[in-house]
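Just dropping this structure here.
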Amino acid sequence: MEKHINIAIDGPSGAGKSTLAKRLAAQLNFIYIDTGALYRTVGYHVRKNNADPTSVEQVVPLLPSAAIDLIYDEQGRQRMILNGEDVSDFIRTQEISRYASDVSALPPVREFLLDTQRRLAAENNVIMDGRDIGTVILPNAQVKIFLTATPEVRSHRRYLELIEKGEKTDYETVLKEINQRDYNDSHRATAPLRPSEDSVIVDTSEMDLEQANKALLDVIAEKTGVQK
Ligand code: DC
């Protein structure tokens, strides 16, 4: 059987994972998989059903009615389909970020999304970004990168992103949310955010996009021989 190359990029929110993973995927002709969007889609489903995202009793019965598909549009962008509806544009709000963070702490939710992620990686050359890709989902990935930056730098980037999308917010609120989500994501009992022992840690606090892009291309070339 043909063996595909799997590249795992984990790290806290706002470290630049999705921007960089998307670029790398285009540069290397890999498929980019944003796993946060899966948790966001579950979070959206839970919100829509007026359930408490922290309650395993309320969330678990809703999972069978969440048929989640991940498709790519003509521009190669990942779209999230929930029960036949494209919800990609509704899952990026701060409210759904909180729902996603809460539901992602529930083991049955992680279990529910596991097979989808592993199947995609088995069938394609992928760059997958998330929190537990290198530690749990793809422990045999040929490349594991833990991408990080200071909370202040990440909040500033996220703030600019939200403003650009027309959301009304301020830097202090974003910083508070980021600190809260960092805490949730790294202190949960199941699959907490942490670098795997064999990951390469890349801190992008002092790097611009081009520099970070080059740093990651260098790691990938060294580990796999795959070059741009
Ligand atoms: O990367 P993101 O901000 O879109 O992720 C949304 C939430 O989902 C985030 O709080 C952490 C969680 N998540 C996770 O637990 N595991 C992943 N592989 C990806 C995201």
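One residue is enough: does the stretch 179-202 have a residue meeting the conditions under 26 Å from ASP102 (Cβ atoms), open to solvent by less than 70 Å² (accessible area, probe 1.4 Å), within 12 Å of the ligand (Cβ to nearest atom) and of a type in the set (Gly, Ala, Ser)?
Yes, the stretch 179-202 contains at least one residue that is under 26 Å from ASP102 (Cβ atoms), open to solvent by less than 70 Å² (accessible area, probe 1.4 Å), within 12 Å of the ligand (Cβ to nearest atom) and of a type in the set (Gly, Ala, Ser).
Still on this structure, please answer the following. Is it the case, given these coordinates, that LEU38 is under 21 Å from GLN180 (Cα atoms), in a helix (DSSP H, G or I), within 16 Å of the chain's Cα centre (by Cα) and within 15 Å of the ligand (Cβ to nearest atom)?
Yes: the conditions hold for LEU38.
Could we say that ARG98 is surrounded by fewer than 19 Cβ atoms within 10 Å (Cβ to Cβ) and within 11 Å of the ligand (Cβ to nearest atom) here?
Answer is yes for this residue.
Please find, within the stretch 67-95, the residue that is farthest from the ligand (Cβ to nearest atom) out of those that are over 14 Å from the mean Cα position of the chain (by Cα) and charged (D, E, K, R).
GLU74
While we're looking at this one, here's another question. Restricting to the stretch 1-33, what's the tally of residues that are within 10 Å of the ligand (Cβ to nearest atom) and open to solvent by 20 Å² or more (accessible area, probe 1.4 Å)?
Summing the residues that are within 10 Å of the ligand (Cβ to nearest atom) and open to solvent by 20 Å² or more (accessible area, probe 1.4 Å) in the stretch 1-33 gives 1.
Also: What's the number of the only condition in (1) under 22 Å from ILE31 (Cβ atoms); (2) among the aliphatic types (A, V, I, L, M); (3) in contact with a Leu (Cβ under 8 Å, 6 or more places away or on another chain); (4) within 12 Å of the ligand (Cβ to nearest atom) that VAL109 fails to meet?
Of (1) under 22 Å from ILE31 (Cβ atoms); (2) among the aliphatic types (A, V, I, L, M); (3) in contact with a Leu (Cβ under 8 Å, 6 or more places away or on another chain); (4) within 12 Å of the ligand (Cβ to nearest atom), only one is false for VAL109: (1).
Another one. For the stretch 77-95, enumerate the residues that are open to solvent by less than 70 Å² (accessible area, probe 1.4 Å), assigned to a helix (DSSP H, G or I) and at pLDDT below 95.
Correct list: GLN94 only.
Looking only at residues in the stretch 34-58 that are without any contact (Cβ under 8 Å) to a residue 12 or more places away in the chain and of a type in the set (D, E, K, R), which one is surrounded by the most Cβ atoms within 10 Å (Cβ to Cβ)?
This residue is LYS48.
How about the stretch 115-143: which of its residues are in contact with a Ser or Thr (Cβ under 7 Å, 6 or more places away or on another chain) and either more than 12 Å from the ligand (Cβ to nearest atom) or among the charged types (D, E, K, R) (or both)?
ASP129, GLN142, VAL143
May I pose another question? Provide a single number: the residues in the stretch 157-169 that are at negative phi, free of Cβ contacts under 8 Å to residues at least 24 places away in the same chain and open to solvent by less than 70 Å² (accessible area, probe 1.4 Å).
Initially, the stretch 157-169 is screened for residues at negative phi, giving 157-165, 167-169.
After this cut, where a residue has to be free of Cβ contacts under 8 Å to residues at least 24 places away in the same chain as well, the list is 159-161, 163-164, 168.
When the remaining residues are screened for being open to solvent by less than 70 Å² (accessible area, probe 1.4 Å), the result is 159.
Residues meeting the conditions: 1.
List, please: which pairs have Cβ atoms under 9 Å, are six or more places apart or on different chains, and start with a residue in the stretch 129-156 that is without any contact (Cβ under 8 Å) to a residue 60 or more places away in the chain and in a loop (DSSP other than H, G, I, E, B) and end with one that is open to solvent by 10 Å² or more (accessible area, probe 1.4 Å) and within 14 Å of the ligand (Cβ to nearest atom)?
Matching pairs, first to second residue: PRO139/SER196.
Starting from the stretch 1-30, keep only residues that are on the phi > 0 side of the Ramachandran plot, then list their pairs with residues that are open to solvent by 50 Å² or more (accessible area, probe 1.4 Å) and at pLDDT 95 or above whose Cβ atoms are within a distance under 7 Å, requiring at least 6 positions of separation or different chains.
none
Among the numbered criteria (1) more than 20 Å from the chain's Cα centre (by Cα); (2) open to solvent by 60 Å² or more (accessible area, probe 1.4 Å), which single criterion is violated by THR173?
So THR173 meets the others, but not (2).
Only residues in the stretch 207-225 that are under 16 Å from ALA8 (Cα atoms) count as the first member; pair them with residues that are among the hydroxyl-bearing types (Ser, Thr, Tyr) and not in a helix (DSSP H, G or I), Cβ under 6 angstrom, at least 6 apart or cross-chain, and list the lot.
ALA212/THR204
Ok, one more. Could you run through the stretch 2-38 and say how many residues are among the aliphatic types (A, V, I, L, M) and out of contact with any helix residue (DSSP H, G or I) (no Cβ under 9 Å at 6 or more places or on another chain)? Break it down into steps so the answer makes sense when it comes.
From the stretch 2-38, those among the aliphatic types (A, V, I, L, M) are 5, 7-9, 15, 20-21, 24-26, 28, 31, 33, 37-38; that's our starting set.
From what is left, the residues that are out of contact with any helix residue (DSSP H, G or I) (no Cβ under 9 Å at 6 or more places or on another chain) are 25-26.
Adding up the residues that qualify gives 2.
The values are calculated or read from the model by the stated rules, or taken from the named source; none is laboratory data. What you see is a predicted model, and the numbers here were worked out from it, not measured in a lab. Note that each Cβ is placed from the backbone with ideal geometry, even for glycine, and that neighbours are counted across all protein chains shown. We work out accessible area using only protein heavy atoms, side chains counted, and drop any ligands, DNA or RNA first. Shrake-Rupley method; radii C 1.70, N 1.55, O 1.52, S 1.80 Å.
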